[in-house]
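Undergrad: One structure is given below, represented as C-alpha cells, and several questions about it will come after.
The values are calculated or read from the model by the stated rules, or taken from the named source; none is laboratory data. The structure presented is a predicted model; accordingly, all values stated were derived computationally and were not measured. Cβ sites come from the backbone with ideal geometry, for glycine too, and all protein chains shown count toward neighbours.
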Amino acid sequence: MSLEVDIEKRFSDFTLDVSFKAGDETLGFLGASGCGKSLTLRCIAGIETPDAGRIVVNGTVFFDRAAGSKPKVNLKPQQRKTALLFQNYMLFPNLTVADNVGAGIGRDVPKDERDERVAAELRRFGLEGFGKRYPAQLSGGQQQRVALARMLAARPGILMLDEPFSALDAHLKSVLEQNLVSLFDAYRGTVLYVSHDIDEALRFCDRIAVVEAGRIMETGTGEDLVNRPQSTAGIKLSGCKNATPAERVGERRVRLPKWGIEAQTREEVPADVKTLGVRAFYLERADGPGENCYRVRVDRVSDSRFERTALLGFLDRDASAAPAVARTDDEMKYLHQHLFWRVDKLAAAPEELPREGEELWIRIPPDKLYLVSK
C-alpha cells in the first residue's frame, strides 16, 4: 500500500502546498484549525480539485495536472474508492443502518457477498440487531460505529479520518477511541488521521506531520515531535507552553527579547535560530542566583486536579528589552512576556506550591531547551 501526494491549491488569502509519501501506516496531520489538514484529505478524495500536482494511491493515478493547464487525470470521487470519515459522520438519514453500511460497496459485488460484508462489519463494531434502525434512532457513539463499519465494508484503497472525536465529551471520546483500534486492526493500508490534539495523534499515528499555513513543517514519529521538535509550529503543537523568539549571542547562549533575559544552552545555538522552547514542567525552583536562574514574580496561578500552573514575570529584565506590558493594555503581549510553570500537586508539599504575588527564583535547565530555526 502506498500514497504519494504533491499538490498545490491557491485561494485569495491562503495557499495549500503539500508534498508527502505514506506506506502501510497511520500518518497523522497535526495543526490548528484552518491550516489545510482537512483540505488535503478533500483533495485526495476528489471533493476539491488542486490547481497543480499529482496524487497516486496504490499505483493508481488519482490526479495529475501541470500548473496552468487542464488536468491530465482527475478521477471522480466514486472512482477513487477512498473512505473519508467526516466529523459529523455523514450518514444517510433515510437509509437503515444496514443500508448505510453497504452504501459504499460497489454495485458489481453480488448481493450475497454484499450482505455477508455488511453483517461482518456490524458484528465487528457491536451493531448486531441494529441493522433495521435509522441514524436518528442511534446515539452519537452508535452513529460513529456505523460510519466506521461503512468505511471497512467498502474495502477502500485508503482510509481518511477528519477529527472524528472533535464533538465528543472526554468520557465518550475515551470509549469510542476503542472503535478506532478495531478499525485499524482490521485494515491494512494507508490511514490518514487529522487532529489538533497531540495526545490523540500520539495514540493512533505511526508518524505525525505538523501542518502550518498550508505547508508541512516537519514529519516524524511521535517521540521525535515531543522530544526533538524541528519547527516553531512543532514546539507549540507538541504541547510546549513556553515558546519565545530567540537570538544567538554566543555558541551556547541566546537572548530572549520578549522575556528580557539571556539563557545558556547545552546544545550549540544555530546561527539562524528563531525560537526557543522549554516545557512548563521542566522548570525548577532555585535558591538564588546561578546559571539560568532568574528572579520572578508569580502573577497568576490556576489549578487543575493534579497540577498548579503559575504565570511568572521576570523581575530583572534586560535594559535593552522592550518595556513590560501591563495586562490591561494588551493581554497577548502580557502573556508572551511571561513563563508558564507547571507544578505536580501530588509531588510537592502544599507550602512549596507557588502562590500569586510571591517572588522566587526559577531555573531554566540548559539541557531541556528546544532550539529551532523555522
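Undergrad: Could you please give the count of residues in the range 52-79 that are surrounded by 21 or more Cβ atoms within 10 Å (Cβ to Cβ) and closer than 25 Å to residue 181 by Cα?
TA: 1
Undergrad: Looking at this structure, is residue 200 touching a Phe, Trp or Tyr at 6+ places or on another chain (Cβ under 8 Å), under 23 Å from residue 40 (Cβ atoms) and among the acidic types (Asp, Glu)?
TA: For residue 200, the condition - touching a Phe, Trp or Tyr at 6+ places or on another chain (Cβ under 8 Å), under 23 Å from residue 40 (Cβ atoms) and among the acidic types (Asp, Glu) - is met.
Undergrad: If you don't mind, another one. Being more than 31 Å from the chain's Cα centre (by Cα) and basic (Lys, Arg) is the filter here; which residues of the range 62-79 pass it?
TA: 70, 72
Undergrad: Let me ask something else. Being of a type in the set (Phe, Trp, Tyr), in contact (Cβ under 8 Å) with a residue 60 or more places away in the chain and over 17 Å from residue 253 (Cα atoms), is that true of even one residue in the range 274-281?
TA: Yes, the range 274-281 has at least one match.
Undergrad: While we're here: Within the group 195, 238, which residue is touching a Gly at 6+ places or on another chain (Cβ under 7 Å), crowded, with 19+ Cβ neighbours inside 10 Å and at negative phi?
TA: Going through 195, 238 in turn, the sole match is 195.
Undergrad: State all residues of the range 70-90 that are within 21 Å of residue 151 (Cα to Cα) and in a strand (DSSP E or B); if no residue qualifies, say none.
TA: Result: 82, 83, 84, 85.
Undergrad: While we're looking at this one, here's another question. Can you find even one residue in the range 216-231 that is out of contact with any Ser or Thr (no Cβ under 6 Å at 6 or more places or on another chain) and within 23 Å of residue 336 (Cβ to Cβ)?
TA: yes
Undergrad: Restricting to the range 241-257, and then to whatever is under 21 Å from residue 218 (Cβ atoms) and of a type in the set (Gly, Ala, Ser), can you tell me which residue is surrounded by the fewest Cβ atoms within 10 Å (Cβ to Cβ)?
TA: Taking the candidates together, the pick is 243.
Undergrad: For the range 258-374, which strands (runs of 3 or more DSSP E) that fit wholly inside it have 3 or more residues that are touching a strand residue (DSSP E or B) at 6+ places or on another chain (Cβ under 9 Å) and buried (at least 18 other Cβ atoms within 10 Å of the Cβ)?
TA: 275-278, 293-303, 307-314, 338-344, 370-372
Undergrad: Of all residues in the range 31-69, how many are among the basic types (Lys, Arg) and in a loop (DSSP other than H, G, I, E, B)?
TA: Number of matching residues: 0.
Undergrad: Follow-up. Within the range 222-231, is there a residue that is buried (at least 20 other Cβ atoms within 10 Å of the Cβ), outside any loop (DSSP other than H, G, I, E, B) and either of a type outside the set (A, V, I, L, M) or under 21 Å from the mean Cα position of the chain (by Cα) (or both)?
TA: Yes, because at least one residue in the range 222-231 is buried (at least 20 other Cβ atoms within 10 Å of the Cβ), outside any loop (DSSP other than H, G, I, E, B) and either of a type outside the set (A, V, I, L, M) or under 21 Å from the mean Cα position of the chain (by Cα) (or both).
Undergrad: Being among the acidic types (Asp, Glu) and under 29 Å from residue 223 (Cα atoms) narrows it down to one of 299, 318, 330, 367, so name that one.
TA: From the options 299, 318, 330, 367, the qualifying one is 367.
Undergrad: Please go through the range 106-129 and give me each residue that is hydrophobic (A, V, I, L, M, F, W, C), modelled with pLDDT of 90 or more and crowded, with 19+ Cβ neighbours inside 10 Å, ordered by number.
TA: Matches in the range 106-129: 118, 122, 127.
Undergrad: Report, by residue number, each residue of the range 198-215 that is crowded, with 22+ Cβ neighbours inside 10 Å and modelled with pLDDT of 95 or more.
TA: Correct list: 208, 209, 210, 211.
Undergrad: Let me ask something additional. Using the structure shown, decide if residue 284 is in the same structural domain as residue 319 (by TED's automatic domain parsing) and in contact (Cβ under 8 Å) with a residue 24 or more places away in the chain.
TA: yes
Undergrad: Looking for something crowded, with 20+ Cβ neighbours inside 10 Å, at pLDDT 85 or above and not polar (S, T, N, Q) - is there at least one such residue anywhere in the range 163-176?
TA: no
Undergrad: Also: Please state which one of 82, 15, 49, 26 is hydroxyl-bearing (Ser, Thr, Tyr), surrounded by 13 or more Cβ atoms within 10 Å (Cβ to Cβ) and without any contact (Cβ under 8 Å) to a residue 60 or more places away in the chain.
TA: Checking each option against the conditions leaves just 49.
Undergrad: Here's a follow-up. Do we find that residue 294 is under 27 Å from residue 202 (Cα atoms) and of a type in the set (Phe, Trp, Tyr) in this structure?
TA: Against the criterion (under 27 Å from residue 202 (Cα atoms) and of a type in the set (Phe, Trp, Tyr)), residue 294 does not qualify.
Undergrad: Return the residues of the range 201-241 that are touching a helix residue (DSSP H, G or I) at 6+ places or on another chain (Cβ under 8 Å), acidic (Asp, Glu) and under 15 Å from residue 27 (Cβ atoms); say none if nothing qualifies.
TA: If the condition is that a residue be touching a helix residue (DSSP H, G or I) at 6+ places or on another chain (Cβ under 8 Å), acidic (Asp, Glu) and under 15 Å from residue 27 (Cβ atoms), then 218 is the only one that fits.
Undergrad: Check whether at least one residue in the range 162-176 is among the charged types (D, E, K, R) and touching a Leu at 6+ places or on another chain (Cβ under 8 Å), and report yes or no.
TA: There is at least one residue in the range 162-176 that is among the charged types (D, E, K, R) and touching a Leu at 6+ places or on another chain (Cβ under 8 Å).
Undergrad: Which is over 21 Å from residue 176 (Cα atoms) and touching a residue at least 60 places away in the same chain (Cβ under 8 Å), of 114, 124, 107, 155?
TA: Just a single option satisfies the conditions, and that option is 155.
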